[in-house]
Structure formats: C-alpha cells, structure tokens
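*Asks:* Please find one structure pasted underneath; my questions will follow.
The values are calculated or read from the model by the stated rules, or taken from the named source; none is laboratory data. Everything quoted here is computed from the prediction, not taken from an experiment. Ideal geometry is used to build each Cβ from the backbone, glycine not excepted, and the neighbour counts take in all protein chains shown. Side chains are part of the model used for accessible areas, which takes the heavy atoms of the whole protein and leaves out ligands, DNA and RNA. Shrake-Rupley method; radii C 1.70, N 1.55, O 1.52, S 1.80 Å.
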Amino acid sequence: MDGPADRPDVVVVGAGPAGLYLLHRLRRLGLTAVVLEAADDLGGTWYRNRYPGARCDVESLQYSYSFSADLEREWDWSERFAGQPEILRYLRQVADRFDLRRDIRLGTRVVAAHYDEAVRVWRVRTSHGTTVSARYCVLATGCLSVPRWPRIPGLDGFRGPVHHTAEWPPDGVEVAGRRIGVIGTGSSAVQAVPVLAEQAGRLSVFQRTPAYSVPAHNRPLSAAERHRFTARHDEFRRQQRLSSSGMVTGYPPATRSALDVDPDERAGTFEQRWRSGSLMALMTAYTDLMTDRPANDTVAGFVRSKIHRTVRDPGVARLLCPDYPFGTRRICLDTGYYTAFNRPNVQLVDVRADPLVRATAHGLRTANREYRLDVIVVATGFDAMTGALASIDLRGRGGRSLRDEWAAGPRTYLGLAMAGFPNLFTVTGPGSPSVLSNMLVSIEQHVEWIADCLDALRRRGLTTIEATRPAVDDWVGQVDAVARGTLYPTVDSWYRGANVPGRPRVFMPYLGGVGGYRKMCDEIAAAGYRGFALSA
Ligand code: N01
C-alpha cells in the first residue's frame, strides 16, 4: 500500500454500523477516508453473530439510521424486532446505496497504530504487513466484538464441533436431532436456546448465572405501524436523541418511587409493561428501581413470579430465577426462553452447584457427571468495551501504550478521546452511554460529533486535537460517580469487566443518559472544544 489512497485524511478501523456511517459522513465533508475491517464482510456485530435466533432487542424502527430520509423511505423492516439476516441485508444496502465499499478494505486486521509525533500522523499497520498513514484515526471497533472463550480444559479434544455464538459459521451448523450443549445464559444463549430446542434431539443448557429476560412479543410490522412512524418521524427521532436510553418507550417519565405505590397498582403497572415487549419498560416504571434495592426487589420479584408461572418444574424455575437486582446485568429479550425449559428434550444444568470441570472427547464433564454431546455452543460473551482496543498495539505520544495507560481501567474524555493520543477518536468508547443505550442512536451521535470536529479543525486551520489529562480525570470521576449512585456496580457484570479474569473492575459505560450526554458533548464543542488542547 503506497498510493495516495494510503494517505487518506482519516483511517477508520471497523466496518460495522459505526464505520459505515462515519465513512459516509466524512466523504460528505470532502474528507478522504479508508476503512480497515478484519472480517471478510462488512456489518460488524451483525456479520459475526449469526447464531440461530440472533435478533436485535431494540425495535427495528428505532434501531436504524436516521441520517437519511431517503434511506428510511426506501427500507421496510419486516418485523418489530429484526433478525440478524435482515439487519445484515440492511447494512449491505446502506453500503451499496452510498457507494461505501470502494473505500473499505475487508480481511484487513489492524494490528498496530502508532502516532508519529514528528510529522503528526497515525501509522496504522495491518495484518498484511502494510501501513496506512493518516492525520486522524477513528476506532469504530465495537463494544462487543472480541469473543471471550471460557477456560475449559479439554475443549480442543471434543470430537464434535464447538462454536462460539459470535463466530458462528456462515453456512450454519448441523443441529437437527443432535445432542447440543449450550454454555452460558446471557442474551446470546437466551435467543439461541428456544430455536435450538426445536431442532435438537437433546439440549443441555449449562447455567452459572441466570439472566432476567422479558418477552419480546415480536411480530410482523404492520403497514399501519410503519405509517404511524413515518407520520411522526421527525418528532420520534428527536425524542430518541433526547431520551435517556436512545429509545422511545411510549411511557411518560416516572415520577414516583416504587415503594410509594399500592402493591396492586404496582403489579398492574409491571404487568402492562411486561406485555409491552421492551427492554426498558420495566426498568423505567418507577424513579428508584435502579437506585434503591428495596424498590428494585419489587420488580425483581415480579419477574421471578413470571418465571415460576411459566416453567412447570418448580426446581427448574427456581434455578432460572436470578437473585441479584433486576437490570444490573444486561436484561435479555426473548421469544420463548422460559417455555423452552418445559420441553422434554431440554435440561438445565446448574454449573454453579456442580461446576464444569472439563470437556471430554464425548461431551462436558461437571464435578458430578458427564453430559454426552454432539455439538457444543459457547455463548460466553465478549471481552467487552475495551477488548477490541486492547487487541491493537496502540501507541500515542512518546510511544506510550494504551494498554499501559488503561492498566487500572479505561480512561477517556467522554468516551471519545484520550490524553496522550492526539487525533485519535473512539466511537461509543468506554465512558460514553454506548452499551446502555440504543447503539444506533449513540453511534450516530458520536460519528456526527467526530466528523463535525474534524470539519471545525479544518476550517480554523488547526491540525491537532487532544484531550487534556485534567479533562480525562474529571470525566472518569463523573462516570464513576454516576454509576455509584445506582445499583449497577453492586454486582459482577461485563459492564464492569468482571467476566474477564484479571481485568480491573471499573464500571465502563456512562449512566447519565443519552440526551444529557449529547447536550454536554455539544456544549463542549460549542465552547471551542473545552477540555481538549488544539494546535495548528
Ligand atoms: O454474553 P454474556 P452474551 N462456564 O456475557 C456464562 C449483547 N447482545 O453473548 O455470568 C459457564 O451476557 C456467563 O455466566 P457468568 C448484549 O449487550 C445483544 O450472551 O460468568 N458459564 C453468562 O451466563 C449482551 O449483554 C443481543 O456466571 C460461563 C454467559 O456465559 C452482550 O451482547 C444479542 C463461563 C455470557 O453471557 C453479551 O451477551 C446477544 C464458564 N466458564 C448479545 N464463562 C441483542 O439482542 C461465561 N459463562 C441486540
């Protein structure tokens, strides 16, 4: 790589929803960009997560780009919650419609990005040994893009196929009539289990920590729903951007404590929201569900009662009931998860009581017995939020490495930039609402902020922007303070890096809400990029 195309204004890492939109936005500003993508196709998370049942748990009309009215007119979602194949088709259509592919290099993993201080350029090295140099580098690497494999001895010696849900083979996996073992019970497993249960000869679900899951009530989108959305499109998108989660729930903001309400009324409210098929509806029913344990117990108890009413075997139902506060680990949205355990071919294995000790040639062995299997599905999640960034040898001023900088946890300004790493940006980085919001809304906000920033620098004849250390320190403190005011940090979750051995426990997403965060980012830009050092 040596031509002019290898010296674009901006090098973007990742061709998921963030990288695609960023490329489009930069081009519209007359900036040149090259997108480097490790996978052999675009789509990011929606390309890699092809496991049976993979589906978005944010409504299609909300989990879609809003930047182009034409695109919105041209695309019709078929279901309330789109499945992975449809979302991938959508992203491919976006790439074609905006002619994005010509600047995307697929099958090109970024292994290193070093800032060359002498000439103020990022040198981005790829797995092919080539280098792309650019003044600006944007990491659109995704929050959940590095699969985490469990440390189970002997997995290599298992005779059948072993597949991680986030690395599912493009041609699928033969599951019909087979004995399948699923390790993990997070969102991926909760979606896969009901689908696998219908096809498997026998399905064994190895659960260490139960999840709270609410029913999706998925269905085809009707013409009337589409029409309603189009009719109030602008207002709807505005509400999304100013909301706390990037989603419009259709409910007014809560005004009362869960403990100030008559129990029957509260049960009625929970019931109505349980039926709405929304990730956020239950959590936002009262003001204090996520900040006060006794208040949270009311909604946790409600969901546990639903599990007991759904699952026929009381012992299995008990095992499926979480004992930690509702919502503090990512809530799942399901289609038939709990009822799957009523099927005669499905069994729940409690690996908290009887731990998984190893894989054998024929299956999985717990401390007490062996489970014979034909296929093992690994649904153990991701090295979340920092994994993809840490997988790159990132070096800023003075050759300082990001891995060292973040040894005690990620340190960013707004989840967008870091001190010591000039002209480097992250889309939905740690310290931004990211995974606690509708990702498409947060992606659009970051992409637009970054693109506007580069445009502003150009217009002012400036070439370098870098977050200052005091701004980073202050922001890290704010992210931590907001989290401490909630129940989130009271449990181990991937939000805190607790699923990766050796990782410092730091609550990574910003919990202050999408709308307020957006305002703050806009004010910082309007104030001449307060907290950043700018130079020519
Ligand atoms: O992963 P997870 P995921 N032995 O980390 C278990 C998004 N997402 O892929 O907690 C046995 O949630 C682990 O148990 P424990 C969404 O944000 C979105 O399901 O370590 N079990 C846990 O049960 C989601 O939160 C959609 O005790 C082991 C499970 O594996 C995020 O991705 C769909 C184990 C991992 O759950 C991650 O979800 C899918 C071991 N050694 C995912 N190691 C949408 O719908 C781990 N586990 C948009």
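*Asks:* Filter region 341-357 for residues that are away from the ligand (no atom under 11 Å from the Cβ) and not hydrophobic (A, V, I, L, M, F, W, C); which is surrounded by the fewest Cβ atoms within 10 Å (Cβ to Cβ)?
*Replies:* Pro344
*Asks:* Provide a single number: the residues in region 472-504 that are modelled with pLDDT of 95 or more, in contact with a helix residue (DSSP H, G or I) (Cβ under 9 Å, 6 or more places away or on another chain) and either part of a helix (DSSP H, G or I) or open to solvent by 40 Å² or more (accessible area, probe 1.4 Å) (or both).
*Replies:* Qualifying residue count, region 472-504: 8.
*Asks:* Filter region 389-413 for residues that are in contact with a strand residue (DSSP E or B) (Cβ under 8 Å, 6 or more places away or on another chain), free of Cβ contacts under 8 Å to residues at least 24 places away in the same chain and either open to solvent by 30 Å² or more (accessible area, probe 1.4 Å) or not small (Gly, Ala, Ser) (or both) and give the result.
*Replies:* Leu402, Arg403
Residue by residue, here is whether (1) closer than 29 Å to Pro294 by Cα; (2) touching a residue at least 12 places away in the same chain (Cβ under 8 Å) holds:
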| position | (1), (2) |
| --- | --- |
| Gly315 | yes, no |
| Cys321 | yes, yes |
| Phe326 | yes, yes |
| Arg329 | yes, yes |
| Cys332 | yes, yes |
| Pro344 | no, no |
| Gln347 | no, yes |
| Asp350 | yes, yes |
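*Asks:* In region 499-536, what count of residues is obtained for those that are without any contact (Cβ under 8 Å) to a residue 12 or more places away in the chain and within 17 Å of Pro470 (Cβ to Cβ)?
*Replies:* 2
*Asks:* Output the residue which, of all residues in region 40-64 that are open to solvent by less than 20 Å² (accessible area, probe 1.4 Å) and hydrophobic (A, V, I, L, M, F, W, C), is farthest from the ligand (Cβ to nearest atom).
*Replies:* Of everything passing the filter in region 40-64, Leu42 is farthest from the ligand (Cβ to nearest atom).
*Asks:* Would you confirm whether or not region 204-217 contains a residue that is more than 16 Å from the ligand (Cβ to nearest atom), outside any strand (DSSP E or B) and either open to solvent by 40 Å² or more (accessible area, probe 1.4 Å) or at positive phi (or both)?
*Replies:* Here is the first cut: in region 204-217, the residues more than 16 Å from the ligand (Cβ to nearest atom) are none.
The answer is no, given that none of the residues of region 204-217 is more than 16 Å from the ligand (Cβ to nearest atom), outside any strand (DSSP E or B) and either open to solvent by 40 Å² or more (accessible area, probe 1.4 Å) or at positive phi (or both).
*Asks:* Could I ask something else about it? Quick one: is Tyr90 touching a strand residue (DSSP E or B) at 6+ places or on another chain (Cβ under 9 Å) and either open to solvent by less than 20 Å² (accessible area, probe 1.4 Å) or not in a loop (DSSP other than H, G, I, E, B) (or both)?
*Replies:* So Tyr90 does not fit the description; no.
*Asks:* Kindly provide the set of residues from region 174-184 that are touching a Lys or Arg at 6+ places or on another chain (Cβ under 8 Å) and crowded, with 24+ Cβ neighbours inside 10 Å, ordered by number.
*Replies:* Once the filter is applied, which keeps residues that are touching a Lys or Arg at 6+ places or on another chain (Cβ under 8 Å) and crowded, with 24+ Cβ neighbours inside 10 Å, region 174-184 yields Ile180, Gly184.
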